[in-house]
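Quick notes on the structure that follows.
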Amino acid sequence: MTASNLQLKQRYKPNVSNFLALCGRNYSYMLKWLPLEIAIGESWRLEGEFGTLVVRILENTKYTQLVEISRPLAVKDFINTPKVLVRIYHDAKLAEVLTGQQIYQLRPVYDYPNVRMYQSDEKYQVNAFLEELLKIGYQHSVVCRP
């Protein structure tokens, strides 16, 4: 085998520093509008320049929160509403996506190719998607509680 073939077969190695930095940025975006004292089941809307996010508290403990963040779409016939389940770690100051649209438990690394066609760095990409969602409500957001 040539050196280029060996390089193609090497397993993906996640960059933990980049991943933790991304989770830290997500945490800082969320802190702007996420209250620490809130009842389980409460939800509210964040309206920003690029759209609306719906946030719902699923679990609230001393050091962590579990929230569902979705972005309602005007046309629901063709596309499912983007939705993520996020664990917020207040002690570590991190926010990490636990599940995505059709992924029930994200693994740090996936072999590629695989049956579901997940990317090797799927967990990082889903957390990067969360960062993009959070940017919607970060600047000039209006919090509307139902």
State all residues of the range 56-102 that are among the basic types (Lys, Arg) and within 16 Å of the chain's Cα centre (by Cα); if no residue qualifies, say none. Arg56, Arg71, Lys83, Arg87, Lys93
Within the range 37-72, can you find the residues that are over 19 Å from Leu85 (Cβ atoms) and at pLDDT below 85? Glu37, Glu47, Gly48, Glu49, Phe50, Gly51
Give the residues of the range 65-75 that are surrounded by 14 or more Cβ atoms within 10 Å (Cβ to Cβ) and touching a strand residue (DSSP E or B) at 6+ places or on another chain (Cβ under 8 Å), sorted by residue number. Gln65, Leu66, Val67, Glu68, Ile69, Ser70, Arg71
Keeping to the range 66-84, report how many residues are within 15 Å of Glu96 (Cα to Cα) and touching a Phe, Trp or Tyr at 6+ places or on another chain (Cβ under 9 Å). 1
Which is at pLDDT below 75, under 19 Å from Leu46 (Cβ atoms) and more than 14 Å from the chain's Cα centre (by Cα), of Tyr112, Tyr138? Tyr138
Only listed residue being among the charged types (D, E, K, R), within 16 Å of Ser28 (Cβ to Cβ) and surrounded by fewer than 18 Cβ atoms within 10 Å (Cβ to Cβ), chosen from Arg87, Arg56: Arg87
Filter the range 31-52 down to the residues that are surrounded by 15 or more Cβ atoms within 10 Å (Cβ to Cβ) and assigned to a loop (DSSP other than H, G, I, E, B) and list them by number. Trp33, Leu34, Ile38
Find all pairs meeting these conditions: Cβ atoms under 8 angstrom apart; at least six residues apart or on different chains; first residue within the range 119-135 and at pLDDT below 75; second residue in a helix (DSSP H, G or I). Gln119/Gln125
Restricting to the range 56-83, count the residues that are part of a strand (DSSP E or B) and touching a residue at least 60 places away in the same chain (Cβ under 8 Å). 1
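The values are calculated or read from the model by the stated rules, or taken from the named source; none is laboratory data. No experiment lies behind these values; they were computed from the predicted model shown. FYI the Cβ positions are ideal-geometry reconstructions off the backbone, even for glycines, and counts take in every protein chain you see.
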